[in-house]
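What follows is a set of notes on a single structure, which appears directly below.
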Protein chains: 2
Amino acid sequence: MDQPAVLPVGAPRTERADAVRNRRHLLATAREMLAGQGADTLTMDALAERAGLGKGTVFRRFGTRAGIFEALLDDDERAFQEQVLSGPPPLGPGAPPLERLIAYGRARAAFLIEHREIARAALDGSQPVPAGAQTPVSQMHIRVLLGQIPLGAADLDVLAMQLTAALDGPLLLYLSASDLSEAAPQIGERIARGWQDLVERVCRP
Amino acid sequence: MDQPAVLPVGAPRTERADAVRNRRHLLATAREMLAGQGADTLTMDALAERAGLGKGTVFRRFGTRAGIFEALLDDDERAFQEQVLSGPPPLGPGAPPLERLIAYGRARAAFLIEHREIARAALDGSQPVPAGAQTPVSQMHIRVLLGQIPLGAADLDVLAMQLTAALDGPLLLYLSASDLSEAAPQIGERIARGWQDLVERVCRP
DNA sequence: GGCACAAACGGACTTTACCCCGTTTAGTAT
DNA sequence: ATACTAAACGGGGTAAAGTCCGTTTGTGCC
């Protein structure tokens, strides 16, 4: 087994400047293309060409086609997460956990429906992308809130997973509908009410 | 607007014999390949060649790669559905609906874990294939059972969707795990217990 | 500034799902 | 039997994701 070569004392822990620049540029270009044309015309070749970069670079930055949409969604999601972690109640801290849980579901539904185009595109990936699995942040938050609610002897990890799936399931169904954007508000409201009902049923003593 | 040509009086409503034969042959060949090699070596070209048929035929029969795995799964699922619809209680009719619901979750978990390889492969499809969405049979059965349980004023359609997702979510997570087949029984048991707990919480008065 | 090297880049190449369309065949009516 | 039609077949063609590897570039050290 080789030592990792010389390993210059101050190994660069940070991303190179050009890499950062290119990632940003690619994301911006991707957003443009998404806004201008549909998501299907956003091919890796097209993106690379429009950004004036090589295809290899696109793959190096994002790994996969779905990775681009995930990155875009992550980007948008940062603001949302901040509301959850330190915004005003009932979404943010300060409200009783059950109310926060209910508010979280409503907010998440609203967020995904608002960003439906990107969210839908992020589903494409050919790797196994099940419901609540690929949303560790969401699941963790739900898990934490559940921990603050008195539930009898329950497998909290499994319950968190189930609730995450129960929240995402209807949303994914909506996102994968063909028409899309039709009657979004009503659907969001219905999902939010359903979520509230489910959570209250599960958590009542 | 043209009339549909002559339309010979007895238009053939049934699938042609060669089509049926080829579908069966392709499914059998696919099973062979699946058993022999992994699922990734089962490409459309390879399947066509091994079956001695044209590639176009494979696509005509199944439409898409995932379609093959769905067909295989459907095939296996027929027996399962029969148990549900007319087998002995508590899975089949005769038991109280809540018990049937619990038994259904347990049985479905066992079924999917048993057929994990095919089930996993069936996830591939590039079209939006979320959790509980693509399982209308499962969802409908849950929906029907829910209808037989006294729940207050609840949106039963949404609740059925949520529960379907809550059942499928953990299973899909397991199916998409990289190791797979490791500790399958324990996982199945944990999911089954979690399902029972969830359903009892939701349905208690 | 000059050096060394890991990281990043680019674009040709490979693989595979899926499409297209000319040809063949099963099934029916006469 | 024969003719006819819709369905099915075959397999070459296309597009797009993802890989490879030789070349270039940013960065820390002297």
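The values are calculated or read from the model by the stated rules, or taken from the named source; none is laboratory data. Because the structure is predicted, anything quoted here is derived from the model rather than measured. With ideal geometry, Cβ positions are generated from the backbone for all residues, glycine too; neighbour counts draw on all protein chains shown. The accessibility values were calculated without ligands, DNA or RNA, using every heavy atom of the protein model including side chains. Shrake-Rupley method; radii C 1.70, N 1.55, O 1.52, S 1.80 Å.
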- Top of A:Asp40, A:Asp168, A:Asp157 by mean-square fluctuation, Gaussian network on chain A, Cα under 10 Å: A:Asp40
- Between B:Glu99 and A:Val144, what FRET efficiency follows from the Cβ-Cβ distance if R0 is 30 Å, with the result rounded to 0.05? 0.35
- Query: Amide H neighbours of B:Thr43 under 5 Å, counting only residues 5+ apart in sequence or on other chains, H built in-plane at 1.01 Å?
  - Reply: none
- Query: Quick one: Cα centre-to-centre distance for the stretch B:69-126 and the stretch A:8-74, in angstrom?
  - Reply: 42 Å
- chain A, relative contact order [Cα under 8 Å, separation at least 6], %: 18 percent
- Note on the structure: Any helix of chain A counts here only if DSSP assigns it H throughout, its Cα atoms span 30 Å or more along the axis, and its mean Kyte-Doolittle hydropathy is at least -0.5, and such helices are A:65-86
- Task: Just the number, please: buried accessible area between A and B, total of both chains, 1.4 angstrom probe, nearest 100 square angstrom.
- Result: 2800 Å²
- Task: In nm, give the distance between the simple-model label positions of B:Asp18 and B:Lys55, each being 7 Å from the Cα along the Cα-to-Cβ direction.
- Result: 2.1 nm
- How much accessible area per residue does chain B have, in Å², with a 1.4 Å probe? 53 Å²
- Query: In nm², what is the average projected area of the convex hull enclosing the Cα atoms of the stretch B:28-102?
  - Reply: 6.4 nm²
- Note on the structure: Within the set B:Arg193, B:Arg21, B:Arg106, GNM on chain B using Cα springs under 10 Å gives the largest fluctuation to B:Arg21
- First compute the accessible area of chain B with a 1.4 Å probe, then give the percent of it belonging to carbon and sulfur atoms. 55 percent
- Task: Counting only C-alpha contacts under 8 Å and six or more residues apart, can you give the relative contact order of the stretch A:15-63 as a whole percent?
- Result: 34 percent
- Taking every eigenvalue of the Cα gyration tensor of the protein assembly as shown, multiplying by 5 and rooting it, what semi-axes result, largest first, whole Å? 35, 34, 23
- Message: How compact is chain A by the rule of thumb for globular proteins, expressed as Cα Rg over 2.2 N^0.38 Å?
- Response: 1.22
- Query: Where the convex hull is taken over the Cα atoms of the stretch B:13-63, what is its projected area averaged over directions, in nm²?
  - Reply: 3.5 nm²
